[in-house]
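Worksheet: one structure, shown below.
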Amino acid sequence: MKSLQIVTGHHPQEMVSFAALELQRYVGELFGISATITPGITPEVAPEPVAGAALALLDAKAAGIDPLDDDQSFVLRRADVDGQPRMIAVGGSAKATMWAVYELVELWGVRYLLHGDVFPEIPTTGKQFSFPDIDRVWTPNLRVRCWRLNNVFACGPESWGLDETCRFINQVAKMKFNEILFSLWPWQPYLHLEYKGVKKQESYSWFNFKYPVDGDTIGKELFGGASLFENPDFAGITDYQQRHVAAKSQMRSIIQHGAKRGMVADTTNVIVEFPLEVKSILPGGVISHQLASRTCRPGSDTDPNDPVLIDLVRMNLRTITETYPDADFMHLCMPEHREWLDQTDDAWRTLDEKYNLSEILTLEQAIEQAKRRTDVHGGADRQVSRVKGDITMLAFLDKIFEDQTILQRAGRDPVRLIYSSLADELTPLLAKLGGEGSELLLFIDYTAHRITNRIDLLDNAPTDTMPCRFIFTLADDNIGLLPQLATKPLHTIATRMRETGWAGFTTRFWLIGDQDPCIHYLARSCWNDNVTPEDAFADLAANVCGEQAADAICQAWNIVEQITDQLDRHGMGFAFPVPGMVTKYFEAGEPIAPPIIEVRGQYEHAWRLVNDVLPNVRASGRTFAEYLAARLRFAVCYLDAVEAVCEAAIAQNQSRTEQAIDQMENALTAIREGLEIFAAVVMDNSDRGAIAIMNDYAYRPIRDILAALKTGNPTDPIMQTSV
């Protein structure tokens, strides 16, 4: 066939029209054939089909099939008529029809990555176009597939501008993700708060950490002549009001673009965290125990029923609804570090009298369960504090939402609530406490590996009474900027979730460049629960890098999976991207831990596997493979730098200054090499952010410690202080 007619039906929805344009574009690039888009195929509504043309039917009526009942289901069916090739690609909604088109394109050999598409290597232009022989209906086994966007840190999506975020949304839409989440923090410019004459007056990105770009910056050429690393949509804007307007416009535009790609939007709010300007009127206001101390909260002895506090929280929630009315869900996030522990008993009595919670669980049972949680990050004491603090917070929220106007929106349904990061011992209580339409987002521990150790906790969620989601940590900031993969533990978690009726997941991550194999698994397994990580790895490696390189690429990914497990056990905080990430090792004056030395060897093994097969990687996958090799080599260099810093500190403590200088020279050489290698393959602004962070927290401190050693100035501040 040399041409294709794409039938949309009359008055197609915008997403169906877009799907038709995408199909037209892909068949042109894949096969070099022309495709026309038409509303119908009968003489009454359109010209007769072009002789020799194939038909792609994106409309149920035109295809002669009954509409699908499920708005997430879609069908691909080869249905030739009188020798004319016809493909039915129809969904139960416009977004599902779009997914059908993308699935069809994938069957032709295209693979979707987070940074773009990879097309089949062998040119098909001029060759015979054909539809695959298929008749299948797709229905997801996890219905919520959510990407968290804005959060914190320059090495994450907080650094992305509108254009980059929309490009990313386009890619994950091809992989059938259907929700986007914005984590909003009080210091960011996305929300303006004003209460009883007190106004928020300052806003920042990434905790107000500054990342200068100067003549000594490694990778300086990546920053387009800027003197400071910033989100491109806010670059150079210092006026508070102008910055808020720019941020609000950016986020609204992202929400609108997501809707055009079939995605609903969520916002998050840490319930009792406020901008610092509010501290003067906040009852019992204190600085929050959080990185960089950019927020305030009510003190631990503040009465949760204080009318000013309740009014302030209601106003804050209402501000979110009014500022972003197109966001359909609001996450109510429990504070990371719990407070109000002394008020647990009163809060429990209030809730128990109102909802009879003891029918499900007693306070004593919840606390006793938490005491057995010795394996979580922070241990049993932290888990007990989570339980106690969350009981008080649930009573507080019950009071807050006595005013239902908070969630109301003009001309549409009220915003729906998602209870987020609640202590998992308490999740069964939401069957009584959760309001109509509310949902649960559960966070058991920081990494996927840790969760598999207590997989049974997933069974406690009230999946039979409310939709329950889980946070899928793809990469944890405690491990930091090193390559991470958690596909296999996420497979274990997802399998258990399917068995117990969970609705879906929300991703948690920072850099995206390492995550294609994991996302390929998630994108496929959400529609076919027989897909394993091994299946997904093999398919992606073969179709992106080619058969000759596929085995080595898969071996490297499997090694990174092992490394991630090892760092989870022995390296939490190892490369956390904050001030002091390297100087802390100089101050400690201890040798690098043996498990970290083992990790270094594993990264090198993975790097050699990829590097050795680079000549065999097909041209269309070369950029992908070179990025993987560079990230692995960067990890080796970073670990070499840290080991040398540790040895330098030991030597300096033993008054072996010359040896200390030699080791710091080694550290400087290693970190420079690692950053230069990483900088050469940067794919997005979060990669640039990582480079900016590493310059400020690794390269410059190592340089300055070396200079201090050479000048014989042990009183230099860089040698005394770290965060």
- prompt: Counting DSSP beta bridges with both partners in the stretch 3-138, what percentage is antiparallel, nearest 5?
  reply: 50 percent
Phi-based couplings in Hz for the stretch 202-209 (Karplus 6.51, -1.76, 1.60; Gly and Pro marked x): 9, 8, 9, 10, 5, 6, 6, 6
message: Could you compute Rg(Cα) / (2.2 N^0.38 Å) for the stretch 274-328, with N its residue count?
response: 1.24
- prompt: If you rank D71, D133 by fewest surrounding Cβ atoms within 10 Å, what's the result?
  reply: D133, D71
- prompt: Under the Kirkwood approximation applied to all pairs of distinct alpha-carbon atoms, what is the hydrodynamic radius of the stretch 474-596 in Å?
  reply: 16.0 Å
message: Eigenvalues of the Cα gyration tensor times 5, then square-rooted: what semi-axes does that give for the stretch 573-723, in whole angstrom, largest first?
response: 31, 16, 12
statement: Rg/Rh over Cα atoms for the stretch 313-414, Kirkwood Rh, comes to 1.06
- line: Taking the reciprocal of mean 1/r across every pair of different Cα atoms in the stretch 132-284, the Kirkwood radius in Å is 17.7 Å
Modelled FRET efficiency - R0 60 Å, T669 with L21, Cβ distances, 0.05 increments: 0.70
- prompt: Nearest 0.05, what FRET efficiency do V81 and R167 give at R0 = 41 Å with Cβ-Cβ as r?
  reply: 0.60
- prompt: In nanometres, what is the gap between the two model label sites at T532 and D704, each 7 Å from Cα along Cα-to-Cβ?
  reply: 5.1 nm
query: What are the principal axis extents of the Cα atoms in the stretch 3-138, in Å, biggest first?
result: 41, 35, 25
statement: Listing W187, W557 by rising number of other beta-carbon atoms within 10 angstrom, fewest first, gives W187, W557
message: How high is the relative contact order of the stretch 263-397? Use alpha-carbon pairs under 8 Å, at least six apart in sequence, and give a whole percent.
response: 26 percent
message: Which residues among the stretch 291-315 fall inside the zone where the amide N is under 16 Å from a point 7 Å beyond the Cα of K196, along Cα→Cβ?
response: 297-299, 302-315
query: Length gain on complete extension for the stretch S130 to K371, per 0.36 nm per residue less the alpha carbon to alpha carbon distance?
result: 80.6 nm
- prompt: When S93, S293 are ordered from fewest to most other Cβ atoms inside 10 Å of their Cβ, what list results?
  reply: S293, S93
task: Would you mind checking the radius of gyration and Dmax of the stretch 368-493 based on alpha-carbon positions, in Å?
output: 16.3, 49
- prompt: When the helices in the chain are scored as -39500 (n - 2.57) per DSSP H run of 4 or longer and the sum is shared across all residues, what 222 nm value do you end up with, to the nearest 500 deg cm²/dmol?
  reply: -13500 deg cm²/dmol
statement: Across all Cα atoms of the chain, Rg and the largest Cα-Cα distance (Dmax), in Å, are 27.1, 93
message: Could you tell me what a quarter of the Cα convex hull surface of the stretch 425-467 works out to, in nm² with one decimal place?
response: 3.1 nm²
Over the stretch 3-138, relative contact order from alpha-carbon pairs under 8 Å, at least 6 apart, %: 27 percent
query: Can you flag which of K174/K260; K2/K260; K220/K584; K388/K488 are past 23 Å Cα-Cα?
result: K2/K260; K220/K584; K388/K488
- prompt: Which FRET efficiency, nearest 0.05, do A226 and N713 yield, Cβ-Cβ r, R0 35 Å?
  reply: 0.60
query: Over the chain, what relative contact order in percent results from Cα pairs under 8 Å that are six or more residues apart?
result: 11 percent
task: Treat each spin label as a single point 7 Å out from the Cα along the C-beta direction, and report the N616 to Q659 distance in nm.
output: 4.4 nm
query: Counting DSSP beta bridges with both partners in the chain, what percentage is antiparallel, nearest 5?
result: 30 percent
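Readers should treat all values here as calculations from the given coordinates under stated rules, not as data from a laboratory. The shown structure was predicted, so the numbers you read here are calculated from the model rather than taken from an experiment. When we count neighbours, we look across all protein chains shown, and the Cβ atoms used for this are built from the backbone with ideal geometry, even at glycine.
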